[in-house]
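Would you mind keeping the following structure in view while I ask a few things?
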Amino acid sequence: MAELNIGATAWRRVEVGRVLKLESGSLAAIVEIIDHKRALVDGPSSNEKLVTPRGEVSFANTLLTPIVIDKLPRGARTATVKKAWEAAGIDAKWAATNWAKKQEKQEKRQALTDFDRFKVMRLKKQRRFEERKALAKIKSSA
């Protein structure tokens, strides 16, 4: 007979303690699940851009992250959530994700002036020239 292995799915589940990324770009942890479409969240981040006041959000306006605060009690108060958030190092975990790095890169690019964009263009041209010069040198020696 064939051997059957049953394991947990790789899907991100809606659960108490799961960290969400809201439409506004801020982070929040699920404190209580209200129904199949809404949850009570709280986001006491140390980064002021990521802070979310305690409130109700719709799952349609959020994205589930792979980050989870373990053993967060249901309906935890803001102070409890803040302690658990800091103990789990959520801000550091978020900053290490490619998602956060990409978002930060986009924000930097949006803040560039015309002159900054010109300087970036010149640097790209210089890099491309050096790469082509090195490639031509390798081809000529072969």
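The values are calculated or read from the model by the stated rules, or taken from the named source; none is laboratory data. Note that this is a predicted model, so its numbers are computed, not measured. Virtual Cβ from ideal backbone geometry, glycine too; neighbours counted across all protein chains shown.
Checking the condition of a type outside the set (A, V, I, L, M, F, W, C) and not assigned by TED's automatic domain parsing to the domain that holds G43, which residue from D91, D116 passes? Show your work before the answer.
Values: D91 fails: not assigned by TED's automatic domain parsing to the domain that holds G43.
The match here is D116.
Can you tell me which residues in segment 16-45 are acidic (D, E) and surrounded by 14 or more Cβ atoms within 10 Å (Cβ to Cβ)? Even if it seems obvious, please write down each step before you answer.
Going residue by residue through segment 16-45, those that are acidic (D, E) are 23, 32, 35, 42.
Once the filter is applied, which keeps residues that are acidic (D, E) and surrounded by 14 or more Cβ atoms within 10 Å (Cβ to Cβ), segment 16-45 yields E32, D42.
Only one of these conditions is not met by T65: (1) among the hydroxyl-bearing types (S, T, Y); (2) in contact with a Phe, Trp or Tyr (Cβ under 9 Å, 6 or more places away or on another chain); (3) more than 19 Å from R12 (Cα to Cα). Which number is it?
(3)
Is segment 99-110 home to any residue that is touching a Phe, Trp or Tyr at 6+ places or on another chain (Cβ under 9 Å) and assigned to a helix (DSSP H, G or I)?
yes
May I pose another question? Against the conditions (1) modelled with pLDDT of 95 or more; (2) among the aliphatic types (A, V, I, L, M); (3) surrounded by 13 or more Cβ atoms within 10 Å (Cβ to Cβ), where does A79 fall short? Just the number, please.
(3)
Under 6 Å between Cβ atoms, at least 6 apart or on separate chains: pull out the pairs that start in segment 105-128 with a residue that is loosely packed, with under 10 Cβ neighbours inside 10 Å and end on any residue that is at pLDDT 95 or above.
none
Take segment 86-142 and flag every residue that is within 20 Å of V51 (Cα to Cα) and among the hydrophobic types (A, V, I, L, M, F, W, C). Steps first, please.
Of all residues in segment 86-142, those within 20 Å of V51 (Cα to Cα) come to 86-108.
Within segment 86-142, A87, A88, I90, A92, W94, A95, A96, W99, A100 qualify.
Mind counting the residues in segment 11-50 that are closer than 21 Å to A100 by Cα and part of a loop (DSSP other than H, G, I, E, B)?
Looking only at that region, the number is 16.
Checking P53 against (1) part of a loop (DSSP other than H, G, I, E, B); (2) closer than 12 Å to L27 by Cα; (3) at pLDDT 95 or above; (4) of a type outside the set (K, R): exactly one of these is not met. Which one?
(1)
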